[in-house]
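Each remark here refers to the structure printed beneath this line.
Every read-out reported here was derived from the displayed coordinates using simple, explicitly stated rules and does not represent laboratory data. The structure displayed is predicted, hence computed values, not measured ones. Every residue, glycine among them, receives a Cβ derived from its backbone with ideal geometry; neighbour counts consider all protein chains shown.
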Amino acid sequence: MKNSFYRLAAIMSAITFLLALHMPAASQEANKLELTHFFDMISVSGPQISPDGKEIIYTRGWIDKVNDSRRNELYIMDADGERNRFFARGSSPVWSPDGSRVAYLAQGEPRGNQIFVKYKDLEGSTQITRLEKSPSNISWSPDGTLIAFSMQVPYSESWPISMPARPEGAKWTEGPRVITELVYRRDRQGFLEQGHNHIFVVPSDGGAPRQLTSGNWNHNGVEWSPDGTEILFTSLRVEDAEYVYRESEIYGVNVENGQIRQLTDRKGIDRSPAVSPDGRRVAYIGYDWTDDTYIENKLYVMDIDGSGSRELAAGLDRTPSNLVWSADGSGIYFNADYNGTRNLYFAPLGGDYRQVTTGNHMLGVTGINAAGMAVGTLTDHHTPPDIVAFNVNRPQISKLTSVNASLLRNIKLGQVEEIWYTSTDDFDVHGWVITPPDFDPGNKYPLILVIHGGPHAMYNVGFNFTWQHHAAQGYVVLYTNPRGSSGYGSEFGNAIKNAYPGKDYDDLMNGVDQVIGRGYIDEENLFVYGGSGGGVLTSWIVGKTDRFAAASVNFPVTNWMSFVGTTDGVSWYRNFREYPWDDPTEHLERSPLMLVGNVSTPTLLMCGENDLRTPISQTEEYYQALKVLKVPTAMIRFRDEFHGTGSNPSNYIRTQLYLYHWFDKHGSHHE
């Protein structure tokens, strides 16, 4: 009996050992998110369903650690997610009308992105274009013989000066660029460039591109008429600052002779045309001009000749996007952001709009076929974007990919809690709190307040690697949508009109107080950072209060006076009633630099050297002032960065490490 007992015990021990070896990863001890996991994250975007509804093609992105860059590949799979496989290197795939080919963008000769075409069932692909500038907005003609696209047409104005003859063998400095445009920009190498976007067509089997539009206009978007005779697009003039942001109209260009006709005509913005399946109507979005700094776009429909315009989805007060007609032409499907979420909606030609999908997620629908099969991407607090599909008549969403599931399977993420609170003027403000993975409400934790840019932008319920990593480092993370944010209606977005920064500061501080009131925040370890518009508010905050142990002001505006003359973003002028040379009062009152004498918070500054949106001179001015006043500061100048500090993977890692170093250096030590 005794031997039998020992034998049984030995057998049970062996079974227990074997079960442990095969125990699911989720039941093993969870790990925390590491910064190096960023290199292994996969992104998905732009899924398109084939005309017959049997296959889906999409862009899959990954990080090339060796070359410090992001790479894109096309993957194709069955409509149910099966047989998911590599298709080609590239991005932005578009099915041909018969579904036999795919056009896409990929690196080609002589440089940059070019248009390629690949037959679905054949090896190899054909480079269709060999352009000096990269094309975008590629679109097949209805008969599949042409591909339309938009492209910047650069120009350099030459003046009739006569230089003396060069001595033989002389090596003179290259001549200057003559800039006559209000808006100009830099490429990734920092060189100034100027030009206009125009519409082109190229044979789908290769050949010389043909330019359809010209002149001092910027043409964007490519929408074919069903009969293939015309391309609709959005356009605006670029010479006049007032015209740039006050008027944008919808036009059509005849593909055969290049004649252009204007479909809309009002003082305001009209854009994003979508032609009905029968070619009789055009859906679009826009708004009448006001001097408001934020206006939600409305949904309209008009006859193909531009007559009979009327509003659809009245009362929505959210901006529609990704317009797609139903197959029977009875209405339009569209995405809309609502209080930090995104779902699909439908507006019939007659009657009230309705919400098609529901959920606390960010659902971006990128295609709907004639049978009502919709494809898109979906993300939530704990799940990075994946490809999803559903039928619009039975919106049960199916997830077709799980590209980051293996990476995150054994990672314990921070919990995310939605919060609402009341701020100044009885404004209801929305936000979220992320707690560390091993959170114990009985302990005290440092807090990071993160502020979005824009300022008309929206934090949302999608997965955010950076914030989850903050939580994994032991921080509580607070992110909110203060007044001025988009996705909450025109009145909320316009609440900072001629008052930025202003009471949005109160919204942010009330959010901090809301979280502190829960009792688990270490008030000696409060930190804050933001970029662009978030950099504006961060520099404003440290000029208003000393409650934060340290701050990071990233690619900010600190002096509205000098900003006006150096930025490439002319629409920023709308934030003020007057130009600074007419009345500098508001520009001075709203400039964080004017509060720098109040700053005692250790303040880090980070900016890209090639930034023209919020030029690095803004960072330099603030840095110099802080140094003169002997406030602890440092300026980190990122090479090869335009607006931001993380377009290159290595720079993203550096940004986070510098941030943690600064906070650790100036905060109290915490476990």
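Can you give me the relative contact order of the chain as a percent, contacts being Cα pairs under 8 Å and 6 or more apart? Don't jump to the answer; show the numbers that get you there.
Details: 1559 pairs, mean separation 58.7, N = 671.
About 9 percent, as a whole number.
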Fewest-first ordering of ILE63, ILE147 by Cβ atoms within 10 Å yields ILE63, ILE147
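Which ordering of GLU157, GLU641, GLU123 is given by a fewest-first count of other beta-carbon atoms within 10 Å? Could the numbers behind the result be given before it?
On the way: GLU157 10, GLU641 22, GLU123 6.
With the sparsest Cβ surroundings first, the list reads GLU123, GLU157, GLU641.
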Rounded to whole angstrom, the alpha-carbon centroid of segment 466-522 lies from that of segment 307-383 at a distance of 28
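Helices from the chain with mean Kyte-Doolittle at least 0.5 and a Cα length along the axis of 20 Å or more, per DSSP H: which? Walk me through the numbers before you get to the answer.
Numbers: long enough: 2-21 (29 Å, 1.17); 649-666 (26 Å, -1.02).
Helix filter hits for the chain: 2-21.
Based on the alpha-carbon gyration tensor of segment 279-356 and its eigenvalue square roots a ≥ b ≥ c, which shape applies: rounded if a/c is under 1.5, prolate if not and a/b is larger than b/c, or oblate?
Oblate.
Net charge near TRP560: determine it from the other residues with C-beta under 10 Å of the C-beta of TRP560, scoring Lys and Arg +1 and Asp and Glu -1. Walk me through the numbers before you get to the answer.
Working: positive: ARG590; negative: GLU586, GLU589.
Neighbourhood net charge equals -1.
Grab the other residues whose beta carbon is less than 9 angstrom from that of GLY99, score K and R as +1, D and E as -1, and report the net. Provide the component values of the computation, followed by the final result.
On the way: positive: LYS54, ARG101, LYS120; negative: ASP52, GLU55, ASP98.
So the environment of GLY99 carries a net charge of 0.
Stretched out fully, how many nm does the piece from TRP420 to ASN443 gain, at 0.36 nm a residue minus the Cα gap?
Working: separation 23, 0.36 × 23 = 8.28 nm, distance 2.34 nm.
Here the segment from TRP420 to ASN443 would lengthen by 5.9 nm.
Using only Cα atoms, what Kirkwood radius does the chain have, in angstroms?
Working: mean 1/r = 0.0362 Å⁻¹.
The Cα-based Kirkwood calculation yields 27.6 Å.
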What are the aspartates and glutamates whose alpha-carbon lies under 17 Å from the alpha-carbon of LYS32, with same-chain residues fewer than 8 places away excluded?
ASP40, ASP438, ASP440, GLU671
Run the helix sum for the chain: -39,500 (n - 2.57) per DSSP H stretch of 4+ residues, divided by residue count, reported at 222 nm to the nearest 500 deg cm²/dmol.
-4500 deg cm²/dmol
Using Cβ counts within 10 Å as a stand-in for footprinting exposure, how do ILE161, ILE516 rank, fewest first?
ILE161, ILE516
Mind checking which aspartates and glutamates have their Cα closer than 13 Å to the Cα of LYS171? Skip sequence neighbours fewer than 8 apart in that chain.
none
Testing the spin-label approximation: label points 7 Å from Cα along Cα→Cβ at ARG577 and THR36. State their distance in nm.
5.8
Roughly speaking, what is the stretch gain from LEU629 to ASP317, that is 0.36 nm per residue apart minus the C-alpha to C-alpha distance, in nm to one decimal?
107.7 nm
What aspartates and glutamates could a cross-link reach from LYS267, if we take a straight Cα to Cα line under 13 Å and drop same-chain neighbours fewer than 8 places away?
GLU242, GLU247, GLU249, ASP288, ASP291
